[in-house]
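The values are calculated or read from the model by the stated rules, or taken from the named source; none is laboratory data. Because the structure is a prediction, the values reported are computed rather than measured. Because the Cβ atoms are built from the backbone with ideal geometry, glycine has one as well, and the counts that use them run over all protein chains shown. Remember, those area values only see protein heavy atoms, side chains included, never the ligands or the DNA or RNA. Shrake-Rupley method; radii C 1.70, N 1.55, O 1.52, S 1.80 Å.
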Amino acid sequence: QVQLVESGGGLVQPGGSLKLDCTPSTSIYRYYAIAWYRQPPGKQRELVAALTRGGDANYADSAKGRFTIARDYAKNTVYLQMNSLKPEDTAVYYCNADPGGSYWYDPSKFQSWGQGTQVTVSS
């Protein structure tokens with residue numbers, strides 16, 4: 001089973017930026033989609049952005065225009081660049097990988113998760 005390591009979180013002021021890294025234990029080539037999710041305090045985990053093998057990027061409405069998902073095959077890493085951060089972006093951010101493309105849009109379908117990385121947006 002793939003293991004994923006997320007990093008790059010931290011405390012940032014509103015309007016600031018952060019770049020999150022996701023590195024799976026196996027090649028990102030193996031997956032139809034790799035996506036970022038987040039779980040705000042007291043809320044359910046939700047999809048933030050996903051990138052398919054073919055290069056299609058999908059974003060939650062809350063992320064459109066502010067966040068960018070990208071990948072670097074050489075570094076076997078998927079990134080989430082987050083700009084214009086808002087207090088409501090505060091959450092633990094996770095990545096996960098869907099090998100067949102049938103459930104990346106629904107975080108409840110995944111059986112395991114990494115430790116995530118905390119993002120706190122506050123003045």
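Give the relative contact order (percent, whole number) for the range 61-109; include only Cα pairs under 8 Å separated by 6+ residues.
Taking the mean separation of contacting Cα pairs over the length of the range 61-109, I get 23 percent.
When we measure straight from the Cα of Lys109, which aspartates and glutamates land under 14 angstrom away, once same-chain ones fewer than 8 places off are left out?
In chain and number order, the partners are Glu46, Asp98.
Among the chymotrypsin sites (Phe, Trp or Tyr not before Pro) in the range 1-75, which ones are in a DSSP loop with at most 10 other Cβ atoms within 10 Å of the Cβ? Mind listing them?
Those that pass, being in a loop and sparsely packed, are Tyr73.
If I take every Cα pair under 8 Å that is 6 or more residues apart in the range 26-123, average their sequence separation and divide by the length, what percent do I get for the relative contact order?
32
Anyone know which of Leu51, Leu85, Leu11 comes out most mobile in the 10 Å Cα GNM of the chain?
Leu11
Considering only protein heavy atoms, what per residue accessible area in square angstrom results for the chain with a 1.4 angstrom probe?
For the chain, the per-residue accessible area is 51 Å².
At a 1.4 Å probe radius, carbon and sulfur cover how many percent of the accessible area of the chain?
Taking all protein chains in place, the chain shows 46 percent carbon and sulfur surface.
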